[in-house]
1. Quick check on my filter: what residues within segment 107-126 are in a loop (DSSP other than H, G, I, E, B) and over 23 Å from Leu217 (Cα atoms)?
2. If the requirement is being under 28 Å from Asp10 (Cβ atoms), of a type in the set (S, T, N, Q) and loosely packed, with under 14 Cβ neighbours inside 10 Å, which of these qualifies: Asn44, Asn78?
3. If Thr62 passes every condition in (1) open to solvent by 10 Å² or more (accessible area, probe 1.4 Å); (2) at pLDDT 90 or above; (3) touching a Ser or Thr at 6+ places or on another chain (Cβ under 9 Å) but one, which one does it miss?
4. If you take the residues of segment 177-187 that are within 22 Å of Ser126 (Cα to Cα) and open to solvent by less than 40 Å² (accessible area, probe 1.4 Å), which of them is farthest from the chain's Cα centre (by Cα)?
5. Would you point out which residue out of Tyr52, Tyr69, Tyr27 is in contact (Cβ under 8 Å) with a residue 24 or more places away in the chain and open to solvent by 20 Å² or more (accessible area, probe 1.4 Å)?
6. Of everything in segment 34-91, what is acidic (Asp, Glu) and over 27 Å from Val187 (Cα atoms)? Give them in sequence order.
7. If you check every pair at least six apart or on different chains, which have Cβ atoms under 9 Å apart with a residue in segment 110-121 that is on the phi < 0 side of the Ramachandran plot and open to solvent by less than 60 Å² (accessible area, probe 1.4 Å) first and a residue that is basic (Lys, Arg) and in a strand (DSSP E or B) second?
8. So in segment 134-167, with the set limited to residues that are open to solvent by 30 Å² or more (accessible area, probe 1.4 Å) and among the aliphatic types (A, V, I, L, M), which one is modelled with the lowest pLDDT?
Amino acid sequence: KVNDLTFSPDDETICFSEIDGNNSYIYTTSAKQGTIVQRISPQNVSDYGPCYSKDGSKIFFTRADGSNYSIWSYNIENYSFANYGHGVNPVPINEEEFLCVRNNSKGNYEIWRVNYVKGTEYIIVSSENQSYTTPSVSPDGKWILMQANTLPDGNKKEENLDIYVVRTDGSGLTQLTYHKGHDCSPVWGKDGKSIYFLSQRGTEKGAYNIWKMDFKLN
């Protein structure tokens, strides 16, 4: 069962994770032929959520060890692995940094920015009452899309998922959707002027469809 799939920056290679028994392994294959598959995960681990570095030299991924989750990379040139500490869902920003998701003492999820060259890291967005997950960096590198659980107010009886955006320096946190159904898993259009996301809106039984919205913040 294939769980995740991503293309290399040059579109020549596909990287994906696949469940095999009780574990999940990461593989690569040619995007043009796909006849030869190479496994990069060692035996008896659970790796998933692969994504390429900006220059295509590394593959970042999440490794699960029981209830512990950590971020790793695989160097394509010398076949070596590196561990960057706890977290999930690594998303490269530039040649030295990636975003990731970590949980805080309240059990909620935060977005962190990690410089794996200098060894520095800091929180981009955090809340005692909300969890922020699934970060996605805009094509110009200025904005981060994410989903968060919006808390109930006078018009809502239960919390639900909505889409938020924040600048990559942590400023300008803005809620983009307010629908009573779940809006989640946002990604950028290639031009950075549009956003695609999953939403329950427009369906009587709450089924998810793909929706699109314009992005106009500067």
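The values are calculated or read from the model by the stated rules, or taken from the named source; none is laboratory data. Worth saying up front: this structure is predicted, and the values here are computed from it rather than measured. Heads up, the Cβs are rebuilt from the backbone with ideal geometry, glycines too, and the neighbour counts pull from every protein chain shown. For the accessible areas, the whole protein counts, side chains as well, though only heavy atoms, and no ligand, DNA or RNA atoms are used. Shrake-Rupley method; radii C 1.70, N 1.55, O 1.52, S 1.80 Å.
1. Once the filter is applied, which keeps residues that are in a loop (DSSP other than H, G, I, E, B) and over 23 Å from Leu217 (Cα atoms), segment 107-126 yields Gly107, Asn108, Tyr116, Val117, Lys118, Gly119.
2. After ruling out the rest, the residue left standing is Asn78.
3. So Thr62 meets the others, but not (1).
4. The selected residue is Thr177.
5. Tyr52
6. Start the filter on segment 34-91 by keeping residues that are acidic (Asp, Glu), which leaves 47, 55, 65, 77.
Those that are acidic (Asp, Glu) and over 27 Å from Val187 (Cα atoms): Asp65, Glu77.
7. Correct list of pairs: Glu110/Arg102; Ile111/Arg102; Trp112/Arg102.
8. My answer is Leu151.
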